[in-house]
Amino acid sequence: MLSIEHPVIQGGMTWIANAELAAAVSEAGGLGVISPNAGMRLEDDMVQNLRGQIRRAKGLTDKPLGVNLVVFIPGIEELIEVVIEEGIEVVVTSAGDPARHTGRMKQAGIAVLHLVSSVKQARHAEGVGVDAVVAEGFEAGGHNGFDELPTMVLVPHVADAVGIPVIAAGGIADGRGLAAAFALGAEGVQLGTRFVATRECIAPQNVKDAIVAANDTGTAITARNLSPTRGLTNGFSAQVAEMDKHGATADELLAFIGVGRARMALLEGRVEEGEAYAGAAAGMIGDIVGAGDVVNQLIEGYDRIVAQLKEGVSN
């Protein structure tokens, strides 16, 4: 459906899903995905930034590319125009009703994937015509669903509930996760945190080092009264956790977090002060490699796991 060699999608991480990263993933046979605000300053024009990112990526690969679009973001209509004008083949939407823009993009020949965190959301997305859903479990980095369903439970629920392809996301970092995703009923996987710790990603070195240094409890969920968010445990997350503990309201949390906290961590490298989005899989990541290496390692690991399972069954 997506004209890619391997069922591997790179997450469209806000601020850092840049052209070079996306192109490297696509060149390796996966689907590289660009974020409209990758690398930009708060005052920059997101529409022009996206156009520039797409053109840079297309200069590095002739393979399919995707763009991540947050449905509720101001100016999404202009971003969709850029996507159409620049010939993007795939769009991954999230955080909003897919009914708003799916039809327009499909009319332009774009495959639309929508991120969901429950069966209800998946059925609605299927009903309004999306081509596939990304079922993202609570292990994922960044903003998560309020239902707190883990990938192991969410994916089979969604796969049983819809007739369109399901892509598993959340807690996947190697071939074991890919094999597990297929066993759960998915037809592909989406990874974010593993692709941050790559040479092509524009996240600063100390962000990548923090992911590599993380252990199994190196991430935490905070801001449940506002929007449950998983990130590296740091000074910022400790402050938000303390506010959560004392019953801070959504308005109080929003006022404290402010604007650009994720950019502060992920792009400026102020890891302790910012909102350092990272999934629970960070504790499984032990090195910084090329983005193409990540794709190759996923496939090689998957083949090895499947061979071992077959051997075990035959024995």
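The values are calculated or read from the model by the stated rules, or taken from the named source; none is laboratory data. Computed from a predicted structure; not experimentally measured. Glycine also receives a Cβ, built like all others from the backbone with ideal geometry; neighbour counts cover every protein chain displayed.
Can you confirm whether region 213-232 contains a residue that is in contact with a Cys (Cβ under 9 Å, 6 or more places away or on another chain) and either surrounded by 14 or more Cβ atoms within 10 Å (Cβ to Cβ) or polar (S, T, N, Q) (or both)?
Within region 213-232, none of the residues are in contact with a Cys (Cβ under 9 Å, 6 or more places away or on another chain) and either surrounded by 14 or more Cβ atoms within 10 Å (Cβ to Cβ) or polar (S, T, N, Q) (or both).
Report, ordered by the first and then the second residue, all pairs with beta carbons closer than 6 Å, sequence separation of six or more or different chains, a first member in region 32-57 that is basic (Lys, Arg), and a second member that is at pLDDT 95 or above and not in a loop (DSSP other than H, G, I, E, B).
Arg51/Val82; Arg56/Ala19
Say whether the condition of being free of Cβ contacts under 8 Å to residues at least 24 places away in the same chain and small (Gly, Ala, Ser) is met by at least one residue in region 103-116.
Yes, the conditions are met somewhere in region 103-116.
Being closer than 12 Å to Gly192 by Cβ and surrounded by 24 or more Cβ atoms within 10 Å (Cβ to Cβ) is the filter here; which residues of region 9-44 pass it?
Of everything in region 9-44, those that are closer than 12 Å to Gly192 by Cβ and surrounded by 24 or more Cβ atoms within 10 Å (Cβ to Cβ) turn out to be Ile9, Gln10, Gly11, Gly12, Met13, Ile16, Ala17, Leu21, Val25, Val33, Ser35.
Which ranges mark the strands (runs of 3 or more DSSP E) fully within region 90-169 that have 2 or more residues being under 24 Å from Lys58 (Cβ atoms)?
The qualifying strands (runs of 3 or more DSSP E) are 90-94, 111-116, 132-136.
May I ask you to say which residue of Ala95, Ala125 is touching a strand residue (DSSP E or B) at 6+ places or on another chain (Cβ under 6 Å), more than 21 Å from Gly30 (Cβ to Cβ), surrounded by fewer than 17 Cβ atoms within 10 Å (Cβ to Cβ) and small (Gly, Ala, Ser)?
Going through Ala95, Ala125 in turn, the sole match is Ala95.
Does region 272-315 hold any residues that are surrounded by 22 or more Cβ atoms within 10 Å (Cβ to Cβ) and either free of Cβ contacts under 8 Å to residues at least 24 places away in the same chain or over 17 Å from the mean Cα position of the chain (by Cα) (or both), and which are they?
Selection gives Gly274, Tyr302.
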